[in-house]
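Any read-out appearing in this document is the output of simple, stated calculations on the displayed coordinates, not a laboratory observation. Predicted model only: the values in this text are computed from it and were never measured. Quick reminder, even Gly has a Cβ in these numbers, built from the backbone with ideal geometry, and neighbours come from all protein chains shown.
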Amino acid sequence: MELTTAAPTARTRDPSGVAYTGLLTRGIAFAIDAALINLVALVVTAGATLIVSLFHLPSNIRAVIAAVGVAAYVVWVIGYFVGFWSATGQTPGNRVMQFRVLTSNGERLRPRRALLRCGALVIAALPLFAGFLLTLFDRQRRGLQDRLARTVVVEAPGLSLAEASRRRRRTSARRAIGSEHAGADHPA
Amino acid sequence: MSALGTRVVVASLRPLGGVAGAAVDAAVTVERYATARVLDSPELERILVSAVESPRVQAAVKRALVSDGVRDIVTAVFESGLFDLIAERLLASEALWHLVDEIAASPAVTAAITQQGLGFADQVGEEVRTRSRSADDWLERAAWRLVHRRTPTPRRGTEGLRPGPP
């Protein structure tokens, strides 16, 4: 898999030219992801609560619904990270901060490894986030979760939002012109 | 007797009237044809272009524009309140506001506003990214100083990773 390089510092760029992403940048990306996850969860919870409030349910049923809600939240959080890491290697937060999670061989994570990294993330956070602090002392800026799942976090500069939007518009305009031509060539 | 003479004259002139009418129709047709030919001909365009590009015409126009007479006319037009009236009528016109609404809702305008917003978001994002990476480096240097170890040197640990085009 081909990787791109961003303007890295000399210390965090290995001889092959790959730059690794540091703790603070990853923290900001995680905060963006957490905000997204909780925003979606909040909207869904508000909707579900409104619907449930219409019915007069006994308290034990409400407790069951709350438990199901908590389980759904956990599944949603795990699914979010596993889905994005295994699909593109980037969560939306990673994309904003322009880095990517890959295996130590430079390949995209498979769902099983993404799930392992997700679990390792919890383990790294448990001892007062000490697992994340390993990032500061590792040459490849790997935290405990990266060591356990054998992954690395590398810089992945992408298109700016404005440029991406411009390209999307151009592509859709080209498609529209193409379909018009096709319609003219093969009139119904 | 005189009535009879009049009838004779009218009868004798009737064919002449028809001829005159036909002659007028033919003349109008020829005139229209000639006008159309002149307007369609490249000669007219050439004459107009050479007239506009002529240094004498340009100098004359320049002289006219800086003359006091033109200034007086322009001042008189503005002082007449004509433009105030036009502006007042335009602002009172429903069609103008409809046009403004149409322009504001047009895809080109919305795309330009979106582009501007995205450009700003890009700028903010770029600034955050740059600063966070600087902070990463600073944090690592501080951490390494804290544990009295040398700054780590890069090592080749990911043979599968290699740089490439975006």
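The table for this structure:
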{"read-out": "Per-selection metrics, the protein assembly as shown (Cα): Rg and Dmax in Å", "value": "39.7, 144"}
{"read-out": "Rounded, prolate or oblate (a/c below 1.5 giving rounded, otherwise prolate when a/b exceeds b/c) for the stretch B:94-147 by Cα gyration tensor", "value": "prolate"}
{"read-out": "Förster radius 41 Å - calculated FRET efficiency between residue A:54 and residue B:90 (Cβ-Cβ, nearest 0.05)", "value": "0.15"}
{"read-out": "Length added when fully stretched, residue B:105-residue B:62, from 0.36 nm per residue minus Cα-Cα", "value": "11.3 nm"}
{"read-out": "Amide N of the stretch A:61-92 lying under 20 Å from the label point, which is placed 7 angstrom from the Cα of residue A:168 along Cα→Cβ", "value": "A:84-85, A:87-92"}
{"read-out": "Pairwise centroid distance, computed over Cα atoms, of the stretch A:97-133 with the stretch B:1-80, Å", "value": "87 Å"}
{"read-out": "Hull volume in cubic angstrom per residue (convex hull over the Cα atoms of chain B)", "value": "553 Å³"}
{"read-out": "Choice from A:138, A:146, A:33 showing the highest fluctuation, given a GNM over chain A with Cα pairs closer than 10 Å", "value": "A:138"}
{"read-out": "Radius 15 Å from Cβ of residue B:79, net charge of other residues (Lys, Arg +1; Asp, Glu -1)", "value": "-1"}
{"read-out": "Rounded, prolate or oblate (a/c below 1.5 giving rounded, otherwise prolate when a/b exceeds b/c) for the stretch B:27-92 by Cα gyration tensor", "value": "oblate"}
{"read-out": "Whole-number D in µm²/s for the stretch A:65-168 (Stokes-Einstein; Kirkwood sum over Cα pairs; 20 °C, 1.002 mPa s)", "value": "145 µm²/s"}
{"read-out": "Top positive-direction residue, dipole computed over the protein assembly as shown with Cβ charges, set B:13, B:66, A:20", "value": "A:20"}
{"read-out": "Helix runs (DSSP H) in chain A reaching 15 Å along axis by Cα, Kyte-Doolittle at least 0.5", "value": "A:23-53, A:59-87, A:111-125"}
{"read-out": "Rounded if a/c under 1.5, otherwise prolate or oblate - chain A, Cα gyration tensor axes", "value": "oblate"}
